Amino acid sequence: MITQIATVMIMAAFYAAYFLKMINQRKAGISTVILGILIAFPNAWHACVVAAAAYIFHLQIINEEKYLADTFGEEYIEYKNSVRRYL
């Protein structure tokens with residue numbers, strides 16, 4: 001039981017560090033799930049889905065960054081420079 005609790009705590013710390021260091025936590029989480037499906041069920045269809053999702057997410061992120069820079073100006077640009085877009 002203690003080993004399981006320690007494992008969960010280590011995983012929670014890893015994921016917190018993983019997601020807090022980037023701007024797009026939601027898209028990173030969804031991408032992780034989609035990539036996990038590809039790893040669990042490797043085939044060409046899932047590879048195409050992962051590639052399409054990555055491309056669509058990239059386009060969404062670029063558009064969101066433009067909107068946020070226009071809306072919040074220098075404050076957002078400073079924030080964007082202090083964290084990563086992706087990993």
remark   = With criteria (1) without any contact (Cβ under 8 Å) to a residue 40 or more places away in the chain; (2) assigned to a helix (DSSP H, G or I), Ala28 comes up short on (1)
task = Look at Ala51 and say whether it is surrounded by 10 or more Cβ atoms within 10 Å (Cβ to Cβ), assigned to a helix (DSSP H, G or I) and modelled with pLDDT of 85 or more.
result = yes
inquiry  = Cβ contacts < 7 Å: first residue surrounded by 11 or more Cβ atoms within 10 Å (Cβ to Cβ), restricted to the range 73-85; second residue assigned to a helix (DSSP H, G or I) and β-branched (Val, Ile, Thr), any location; separation 6+ or different chain. Result?
reply    = Arg85/Ile61
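The values are calculated or read from the model by the stated rules, or taken from the named source; none is laboratory data. This one's a predicted model, so the numbers in the text were calculated from it and none came from an experiment. FYI the Cβ positions are ideal-geometry reconstructions off the backbone, even for glycines, and counts take in every protein chain you see.
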